[in-house]
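Take a look at the structure set out below.
The values are calculated or read from the model by the stated rules, or taken from the named source; none is laboratory data. As the structure is a computational prediction, the values presented were derived from the model and not from experiment. Positions of Cβ are generated from backbone atoms using ideal geometry, with glycine treated the same way; all protein chains shown enter the neighbour counts. Keep in mind that these areas ignore ligands, DNA and RNA; they rest on the heavy atoms of the full protein, side chains included. Shrake-Rupley method; radii C 1.70, N 1.55, O 1.52, S 1.80 Å.
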Amino acid sequence: MSSNDFEPRQLDTHKPSSARIYHHMITGEVIFESDLPFIHRLYADIPFYPLWAQHNRRFLGRAVRYMAGKGIRQFLDIGSGLPTGGNTHEVARELVPDARVVYVDNDEEAINRARDLLQSEQVLDTTAMVDADLRDPARILEHPDTQRLIDFSEPVGLLVVSVLPWVTDADEPAALIKQLRDAVAPGSHIAMTHVSLEDAGQKIKEQVAAGAAVFTDASTPVTLRNRNQFATFFEGWTMAEPGITYATDWHPDQPVDTDDYARSCNFAAVGSLP
Ligand SMILES: C[S@@+](CC[C@H](N)C(=O)[O-])C[C@H]1O[C@@H](n2cnc3c(N)ncnc32)[C@H](O)[C@@H]1O
């Protein structure tokens, strides 16, 4: 059975997931009423988060356009989230009309909604939503839909945008990215972002310290990493200009607001495989 065939699922509405909360920050949509107390606490304790999420999402679009401009025609978007505006297949097709996209997520709402969307758009011949986990690259790479849509002898655009914060050090994130790197052809690209407080102002540090308990109530803990730790995920990749920067500053398509206090909390970079 293809992963695009509908399978009813039991959603856990009690623990807010990173996917549902991020989706709210981007769209304002409340997926489950039971998420609301958590969302309200988040706004109160960590008010920079919605702006941070919007910056992150815009980076994703710019990275996809950049890769499409480099001739990438197939994308593996891992931790793709709930579909919203600017989904990878939509952005890629502005430049590459026949782009193929495999979405991967481990969140049930993200999976169900993406499958519904791709089905309703009748694009299942060129896109798929795979139910898999970044911590199991082999399952992603060997999945029948990945094998059906991605030609591993051609360059792939890997998107791992704001997913690594939900992978703990014990899961060895650099080794996971290396497994993906080893599977793709020269000319492939990877885009990643990572929340960080390394350069954050005192105000944000205090907010996050005060609001840290918010995250222990979510279904998955968040790991903050600094610039050097983020850099280790790009080992073996040639960094595209300007290297590691803030997501807002990576090939910006609008003036960068240097007074924006969410700006410094999200490292971003794109690498290519020689
Ligand atoms: C902050 S959202 C980012 C969504 C999208 N990549 C973007 O940048 O707009 C993080 C997403 O990663 C997913 N995620 C977290 N840990 C994951 C894992 N180990 N494997 C696959 N997906 C994961 C979450 O379910 C969520 O949809």
### Message
I'd like the full set of residues that are surrounded by fewer than 24 Cβ atoms within 10 Å (Cβ to Cβ) and acidic (D, E), limited to segment 68-105.
### Response
E90, E94, D98
### Query
Only one of (1) modelled with pLDDT under 95; (2) touching an Asp or Glu at 6+ places or on another chain (Cβ under 7 Å); (3) of a type in the set (S, T, N, Q) fails for N226. Which number is that?
(1)
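Taking the residues in segment 154-169 that are open to solvent by 10 Å² or more (accessible area, probe 1.4 Å) and modelled with pLDDT of 95 or more as candidates, determine which candidate is farthest from the ligand (Cβ to nearest atom). If you could, list the steps in order and put the result at the bottom.
Of the residues in segment 154-169, the ones open to solvent by 10 Å² or more (accessible area, probe 1.4 Å) are 154-155, 161-163, 166, 168-169.
Next cut, modelled with pLDDT of 95 or more only: 154-155, 161-163, 169.
Details: E154: 23, P155: 20, V161: 4, S162: 4, V163: 4, D169: 13 Å.
Restricting to residues being open to solvent by 10 Å² or more (accessible area, probe 1.4 Å) and modelled with pLDDT of 95 or more, the top hit is E154.
Residues that are modelled with pLDDT of 95 or more and among the β-branched types (V, I, T): which helices (runs of 4 or more DSSP H) entirely in segment 45-141 hold 2 or more of them? So that I can check it myself, show each step before the final result.
Working: elements: 49-69, 88-95, 108-120.
So the answer is 88-95.
With touching a residue at least 24 places away in the same chain (Cβ under 8 Å), closer than 22 Å to F38 by Cβ and out of contact with any helix residue (DSSP H, G or I) (no Cβ under 6 Å at 6 or more places or on another chain) as the only criterion, which of L273, L224 stands out? Outline the logic, then answer.
Working: L273 fails: closer than 22 Å to F38 by Cβ.
Just a single option satisfies the conditions, and that option is L224.
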### Task
Looking only at segment 184-199, count how many residues are open to solvent by 30 Å² or more (accessible area, probe 1.4 Å) and within 15 Å of L141 (Cβ to Cβ).
0
